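Below is one structure; the comments refer to it alone.
What follows draws every value from the coordinates through simple rules; no lab data is involved. Everything numeric here is computed off the predicted structure, so don't read it as measured data. Ideal geometry is used to build each Cβ from the backbone, glycine not excepted, and the neighbour counts take in all protein chains shown.
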Amino acid sequence: MRTSRFPLFTVKETPADADTLSHQLMLRSGMIRKLAAGIYSWLPLGLRVLRKVESIVREEMNRAGARELLMPSIQPKELWDESGRWDKYGNLLLRIQDRKEQWYCFGPTHEEVICDIVRSEIKSYKQLPVTFFQIQTKFRDEIRPRFGVMRAREFLMKDAYSFHLDQASLDQTYRTMYDAYTRIFTRLGLNFRAVAADSGDIGGDLSHEFQVLADSGEDAIAFSDQSDYAANTELAEALAPAGERPKPSEICMKVDTPGKTTCEEVAAYLKVPITSTVRAIAVVGSGGFALILVRGDHELNETKLKKIEGFGDYRLATEKEIELHLGCRAGYIGPVNLSLFSDIRGNRTLYTATASAPINEPRTFMLIVDRTVDKMADFVCGANKTGYHCKGFNLDRDIEHGYVVTDIRKVVEGDPSPDGKGKLGIVRGIEVGHIFQNGRKYTEAMHVSILDDQGRTRTPITGCYGIGVSRIVAAAIEQNHDERGIAWPEPLAPFQLALLPLNMHKSPKLRTAAEALYTELTAAGYDVLLDDRELRPGPMFADAELIGIPHRVVLSERGLDAGTVEYKGRRDTDNRDVPRGELLAFLKERVRTSSQLS
């Protein structure tokens, strides 16, 4: 390809509204242009990269036995009513009406549509198992689209769905997809980890995320330093500290802590380690009012809390609710004197205000204690009196009612690995793939049925497998860049080789040599970008490095006279002269080495 026929839309300045490095480089290199918030046009250079990702994904899905189809992006409301997600999906769902005032949505996912296809077309167990996939544009109306195509509203996704009569069949396909995803991200040249994950809104019992490791990643991943254990920190189990709880050695006493409302402030004021403090968080769910206790240096894990019955819809308690139930301001709350609000052990009645219940309606009160706190003695906590905390508090001695002990916190660096092997480390990641086992969540709701070998009607179980095709492009840049621009892994590069003749427009001899080498390289199977613009060498080199082409060959009159060309790999620090007659053999070896490193 020649730049005269393939214009580059590079810019020098970093766009002011680009909030991540990948976003900046995709705009600067001319890969994308913003049309509206979270909506981007893919320019020719970016589209070449996107298509390369798409090609590898398609090849591996076909290899895994999935069958490609294409489902409409616009979906009727009736299907989403059947699954119960028309209202549940919330504001992420873009709802639209046609001229007949019939409601549709722009599909953020396609579980409803594929179930409609299967219930119409698949009738017998002999047609199962079956896996369908598509590469299709999706739309999710993010409240705050950011990070360019990383969290866009419109994006390209590969989604696949499998249908089975029994769990063993689903397990086998799930493993097949896990292996296919591993091959995909390996072929793309990405440094990634497959991690156990929460199924989120998709639902299901088993789930793995595929995370590209990058410091800019939104997700935190916990991994063992002595095994292959890895999990999203939303899911990673925080084990209870080993050993028994120490015996109380201090008298519980109320101490004045004026204006000290955080564990950090209280620890500093009382001259105690923050690990000797306990943070109390008041929440309200359909199960009532709850007080959550975690160690002062730990964070509440919202995903774990939502798995507790009655708190899947939890919210933080309001100031009014805290004062009503605990008798003090936020910042001073704790498990002190809760017996004043209790009627029976482990099941108290309080007067709690919620969105759906007036203040005078009785609700259930719970005290939920993290495993680490359960093993603590003589700790500092809020005294349920504004301006005061308690020192020397012990749960087993200083409260008169029961409480729930569970894993409710986020893991931290140095925690023991849940598999019993080594310690946990924490790295950042960008989720680029997610696989789920959904069970019968959608097939039951949408009345999908299959006849088994006994002629009985059965509801199939399903798996769901997604890859963010457009997100992969940005994730790869976050992992592969330097101060000069993008440094693509070989399989993702828009062009394999940049051929840069210096001042070709001024030298007929150089033009002839450049055209001959371009023809030779193309015939040898290289994907070459010949820069035939009338540019000075500096801007020409800068563009080649900015757009990240892995191999660069420079032709000059001085080199022609010496019988050499100049070569530089995108990640190399120095140029090298290569005899013109040895170039093809040299490039073959460099490409082989580069592909192995990708």
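One table, with the values for the structure above:
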read-out	value
MRE, 222 nm, helices only [DSSP H, n ≥ 4, -39500 (n - 2.57), over the chain, to nearest 500]	-8000 deg cm²/dmol
Estimated dipole of segment 96-183 in Debye, rounded to 20 [Cβ of Lys and Arg +1, of Asp and Glu -1, Cα centre]	280
Where GluC sites (Glu not before Pro) fall in DSSP loop in segment 246-284, at most 15 other Cβ within 10 Å	GLU250
Charged-residue dipole, Cβ positions (Lys, Arg, Asp, Glu), segment 495-597 about Cα centre, Debye nearest 20	100
Neighbourhood net charge (10 Å Cβ-Cβ; Lys/Arg +1, Asp/Glu -1) for ARG193	-2
Selection of trypsin sites (Lys or Arg not before Pro), segment 441-536, meeting DSSP coil and at most 14 other Cβ within 10 Å	ARG456, ARG484
Within the chain: Cβ-based charge dipole about Cα centre, in debye rounded to nearest 20 (Lys, Arg +1; Asp, Glu -1)	920
(1) 24.3, 76; (2) 25.5, 77; (3) 29.9, 97, with the label sought being that of the calculated Rg and Dmax of the Cα atoms in Å	(3)
Sparse-neighbourhood loop sites, GluC sites (Glu not before Pro) in segment 469-517 - DSSP loop, at most 15 other Cβ within 10 angstrom	GLU483
Segments 560-572, 137-149 sorted - mean Cβ within 10 Å per residue, highest first	137-149, 560-572
Two-site FRET efficiency, ARG144 against ARG99, from Cβ-Cβ distance with R₀ of 30 Å, rounded to 0.05	0.40
Euclidean distance between Cα centres, segment 16-33 to segment 484-550, Å	23
Point-to-point label distance, SER449-ARG428, nm (Cα→Cβ direction, 7 Å offset)	5.2
Dipole-positive endmost among ALA267, GLY46, GLY327 within the chain (Cβ charges, Cα centre)	GLY46
Entries of LYS158/LYS588; LYS158/LYS441; LYS52/LYS441; LYS271/LYS375; LYS138/LYS568; LYS12/LYS158 with Cα pairs more than 30 Å apart	LYS158/LYS588; LYS52/LYS441; LYS138/LYS568; LYS12/LYS158
Least to most buried among ILE122, ILE472 (fewest other Cβ within 10 Å first)	ILE122, ILE472
Peptides ranked, highest mean first, by Cβ atoms within 10 Å: ranges 319-326, 182-189, 86-93, 377-384	377-384, 182-189, 319-326, 86-93
Inter-label distance, nm, simple model (7 Å from Cα along the C-beta direction), ILE251/GLU121	7.8
Inter-label distance for ARG456 and GLU82, nm, one decimal - labels placed 7 Å from Cα along Cα-to-Cβ	2.4
